[in-house]
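Comments concern the structure below.
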Amino acid sequence: MGCCQSKNGDSGAGRISRWRSTGIVALRDSKLRALPSEVLDVGSSVRTLDLTNNKIVEIPSEISKLDNTQRLILATNVIERLPTSLGSLKSLKILTLDGNRISALPDELGALSRLERLSITGNQLMCLPNTIGHLHNLLLLNVSNNKLKSLPESIGGCTSLEEFQANDNSIEDVPQSFCSLTHLKSLSLNNNKVHKLPQNLLRDCKALQNISLHDNPVSMDQFQQMEGFEEFEARRKKKFDKQIDSNVMMSSTGLDEGVDL
């Protein structure tokens with residue numbers, strides 16, 4: 001693998017020295033087709049690796065050398081699969097894979113015990129691995145614009161999850177285990193095929209403030225008849241009132257929280 005000339009014309013040695021000292025490897029818009037070997041040579045010094053908007057097809061198994069990486073940004077490439085060695089990145093907190101061609105996530109994803117934010121929108125995911133439930137520190141999961149038809153029951157193991165987005169898929173049912181997500185604040189499933197929610201979702205998820213289910217078969221009557229609906233509405237109204245009091249500007253979509261009829 002070769003390296004690319006940096007935009008400011010610095011030498012390869014200077015670039016590597018900077019990477020080592022800052023821990024930041026920023027190679028956005030560099031027309032890369034592969035991960036430069038020089039990045040792997042920096043190894044444990046890398047804290048952030050940003051490869052956004054390149055033409056990278058494959059992430060090598062040697063990425064395990066970047067074992068102190070906390071932020072891995074691989075958005076807008078042409079990646080089709082991830083190596084199982086991804087699970088070796090035990091320090092990883094943020095993983096962004098938006099806009100690739102990934103159809104499956106490796107089971108080893110569940111080994112990323114410190115992961116807090118996982119975004120893999122605009123790919124070709126057919127399913128999520130059962131091991132996703134091992135991500136106990138995950139705060140945000142965004143799998144919008146994929147080809148998901150279902151969600152694994154194990155997702156209830158993501159006990160720290162605060163925001164879940166899965167818009168623009170073909171999901172039919174929300175697993176009963178969602179009731180275990182007691183820290184969940186926002187659930188967005190617009191443009192799916194959801195026809196019902198777990199009956200106790202609103203009762204058990206006491207932090208839930210926003211549910212967005214536009215363009216789904218589920219009806220407003222079904223939603224309003226769920227146990228805990230009145231408490232949910234009170235939380236939603238309280239949040240809205242705070243935003244108004246703080247003069248927070250919101251889009252019309254942001255204000256229109258609930259269920260489409």
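Throughout, read-outs are computed from the coordinates displayed, never taken from laboratory work. Note that the structure is a prediction, hence the values are computed from the model and not measured.
Filter Lys31/Lys90; Lys149/Lys196; Lys55/Lys147; Lys93/Lys206 down to the pairs with a C-alpha to C-alpha distance above 19 Å, please. Don't skip to the answer; put the middle values down first.
Details: Lys31/Lys90 29 Å; Lys149/Lys196 14 Å; Lys55/Lys147 23 Å; Lys93/Lys206 26 Å.
From the list (Lys31/Lys90; Lys149/Lys196; Lys55/Lys147; Lys93/Lys206), the Cα-Cα distance tops 19 Å for Lys31/Lys90; Lys55/Lys147; Lys93/Lys206.
Using the Cα atoms of region 18-102 to build a convex hull, what is its mean projected area in square nanometres? If you can, show how the numbers build up before the last one.
Working: hull surface 18.4 nm².
Spelled out: convex hull of the Cα atoms, projected over all directions, averaged, 4.6 nm².
When the C-alpha atoms of the chain are aligned to their principal axes, what extent does each axis show, in angstrom, from largest down?
Its Cα atoms span 64, 40, 27 Å along the three principal axes.
Relative contact order for the chain: what is it in percent, counting Cα pairs under 8 Å that are at least 6 residues apart?
Numbers: 647 pairs, mean separation 23.7, N = 261.
For the chain, the relative contact order is 9 percent.
Could you give the Stokes-Einstein D for region 82-200 in µm² per second, using the C-alpha Kirkwood radius, 4 °C, 1.567 mPa s?
92 µm²/s
What value, in deg cm²/dmol to 500, does the helix sum -39500 (n - 2.57) over DSSP H runs of n ≥ 4 give at 222 nm once divided by the residues of the chain?
-5000 deg cm²/dmol
Using all alpha carbons of region 121-261, what is the percent of pairwise distances in each 5 Å bin, ordered from the shortest bin to the longest?
Cα pair-distance distribution for region 121-261, in percent: 2, 10, 19, 24, 22, 14, 7, 2, 0.
From the phi of every residue in region 209-219, what ³J(HN,Hα) in whole Hz does the Karplus formula 6.51 cos²θ - 1.76 cosθ + 1.60 yield, where θ is phi - 60° and glycine or proline is x?
10, 9, 10, 10, 10, 5, 6, 10, x, 4, 9
Using the Karplus curve 6.51 cos²θ - 1.76 cosθ + 1.60 with θ = phi - 60°, what ³J(HN,Hα) values do you get for each residue of region 118-135, in whole Hz, with x for Gly and Pro?
So the J values, rounded to whole Hz, are 10, 10, 9, 7, x, 10, 10, 4, 9, 7, 10, x, 4, 5, 4, x, 7, 8.
For region 117-184, what does the convex hull of the Cα positions come to per residue, in cubic angstrom?
Numbers: hull volume 4.5 nm³, N = 68.
Dividing the Cα hull volume of region 117-184 by its residues yields 66 Å³.
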